[in-house]
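The values are calculated or read from the model by the stated rules, or taken from the named source; none is laboratory data. Nothing here was measured: the structure is a model prediction, and the numbers come from that model. Positions of Cβ are generated from backbone atoms using ideal geometry, with glycine treated the same way; all protein chains shown enter the neighbour counts.
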Amino acid sequence: MQMIPDPEIKRYRWIIFWVLAFGYILVYFHRLCPAVVAVDMMKDLKTGGSLTGLLSAAYFYAYAAMQLPAGLLSDSWGPRNTITVFFLVAFVGSVLLGFASSAAMAIAGRLLVGVGVAMLFVPTMKILSEWFTPVEFAPMTGILMAMGGIGSLSAATPLVLLSGAIGWRMSFVVVGGLTLILSLLVWRFVRDCPEDMDWVSLNASAKASAPAIGLMAGFRSVVSCPQFWPLAIWFFFDCAVFFTFGGLWGGPYFMHIYHLSKSQAGYILSMLAIGLVIGSPLLSYLSNRVFHARKPVLLISSCIVLAITAILSFNVDRIPVYGLYLICLGLGMFASAIVVIGFTTTKELFPVQIAGTATGLVNLFPFAGGAIFQPFTGYLLERSGSVNGAFTLAGYQQMFNSLLISACIAMLACCFIKETFPAASAGSPG
């Protein structure tokens with residue numbers, strides 16, 4: 001195998017990273033875009049709260065269901081092939097959603113989008129582990145999550161402007177086109193590992209010394225680990241709060257209760273993305289360099305999310321507009337960006353040989369939280385009735401009560417999470 005100087009490998013891996021990072025922007029866009037167009041979709045497709053919640057949650061059902069297959073296909077078929085083919089599926093789903101003539105067709109499109117973009121994160125983690133050293137892995141994950149924040153931002157104000165100009169339907173068609181372009185870029189530039197280009201792996205010694213662990217053995221090792229389950233429960237309920245508010249009902253809440261325009265709601269929701277962009281590197285820094293621990297950062301974040309949901313629950317219609325901005329900023333940082341620490345903790349709980357399996361399994365839970373809570377809270381809103389197409393104060397009160405309970409459970413689960421920071425190498429990202 002030809003020996004290539006390190007600088008050449010290091011240059012090329014950044015091309016790979018940025019192609020995948022722009023793909024992750026689209027993943028987050030698809031995830032959160034219903035929040036600012038939900039009202040338009042309800043009117044156009046003639047759906048109520050429950051059906052709209054199901055339409056939005058269809059993404060999460062598909063995304064959660066595909067996490068374990070994502071790990072299996074990454075290991076057997078290769079990350080590059082997996083991402084390329086499934087982004088084509090997401091392209092078809094986005095176009096189908098744009099041309100949907102019924103709620104059933106829209107749900108089918110949303111399911112295909114969820115299936116397609118679900119195949120980016122876990123394969124990307126595998127690619128990063130091949131092209132970057134263990135010390136570089138956590139910071140790169142933080143940068144990737146920050147790019148997800150840009151995707152969140154694009155699902156707020158830019159989507160408001162785009163949908164205002166060409167309608168929500170053509171907006172999804174345009175985004176489908178971008179998804180197709182990303183699929184082609186992945187096929188052209190991304191490679192699974194340096195060896196695919198006849199270069200020497202940056203982690204060759206670690207690969208040589210690591211004993212192989214079979215797929216089923218790795219699966220059993222993860223699900224039988226007692227420390228895995230508090231982390232999984234925390235992921236479920238923490239992300240249920242974020243995806244319910246930031247991914248669907250935040251926009252209608254601002255418009256129905258505070259009578260804000262769609263563009264004003266989009267501006268406020270954009271703070272979710274800013275919180276994610278700021279929070280991902282900040283929380284990684286606090287964990288690695290200030291606390292030299294994972295659990296305190298998880299606990300502090302969980303307490304802040306609990307406080308935010310309490311404010312929403314007890315002051316549904318009495319929060320000043322600047323307070324709504326702060327609430328979205330806080331949720332973006334402490335309910336969304338915090339998952340960087342959650343994934344790092346997962347990686348550190350298990351041997352590197354089954355880190356992909358562990359990541360795929362734990363990644364089921366945040367999306368299961370969104371998949372269950374979005375239609376459930378839609379049912380709560382619809383059950384309380386509506387006035388001139390707007391959900392009532394009582395409905396939003398019940399919804400926020402359910403999010404408050406979810407935040408309480410997340411904080412309790414966090415108390416049982418095992419500290420995983422590598423004491424022998426304090427200050428290293430692990």
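Before moving on, here are some points about what is shown:
- Every condition in (1) surrounded by fewer than 24 Cβ atoms within 10 Å (Cβ to Cβ); (2) within 19 Å of the chain's Cα centre (by Cα); (3) not β-branched (Val, Ile, Thr) holds for residue 220 except the one numbered (2).
- Scope the range 223-275; condition on the phi < 0 side of the Ramachandran plot and not in a helix (DSSP H, G or I); matching residues: 224, 225, 226, 227, 258, 260, 261
- Of the residues screened, residue 114 is one that is under 14 Å from the mean Cα position of the chain (by Cα), closer than 19 Å to residue 57 by Cα and buried (at least 24 other Cβ atoms within 10 Å of the Cβ).
- The set of residues in the range 144-186 that are touching a Lys or Arg at 6+ places or on another chain (Cβ under 7 Å) and either of a type in the set (Lys, Arg) or at pLDDT 85 or above (or both) contains only 186.
- Every residue from the range 187-206 that is modelled with pLDDT under 90, assigned to a helix (DSSP H, G or I) and not polar (S, T, N, Q): 194, 195, 196, 197, 204, 206
- The helices (runs of 4 or more DSSP H) found wholly in the range 297-412 include none carrying at least 2 residues that are at positive phi.
- Residues that are of a type in the set (A, V, I, L, M, F, W, C) and at pLDDT below 95 were ranked within the range 288-320; the one that is surrounded by the most Cβ atoms within 10 Å (Cβ to Cβ) is 293.
- Any helices (runs of 4 or more DSSP H) falling wholly within the range 1-67 and containing at least 3 residues that are among the charged types (D, E, K, R): 6-32, 34-45
- All conditions in (1) at pLDDT 95 or above; (2) surrounded by fewer than 21 Cβ atoms within 10 Å (Cβ to Cβ) hold for residue 334, with the sole exception of (2).
- Every residue from the range 381-411 that is free of Cβ contacts under 8 Å to residues at least 40 places away in the same chain, more than 22 Å from the chain's Cα centre (by Cα) and more than 16 Å from residue 255 (Cβ to Cβ): 383, 384, 385, 394, 398
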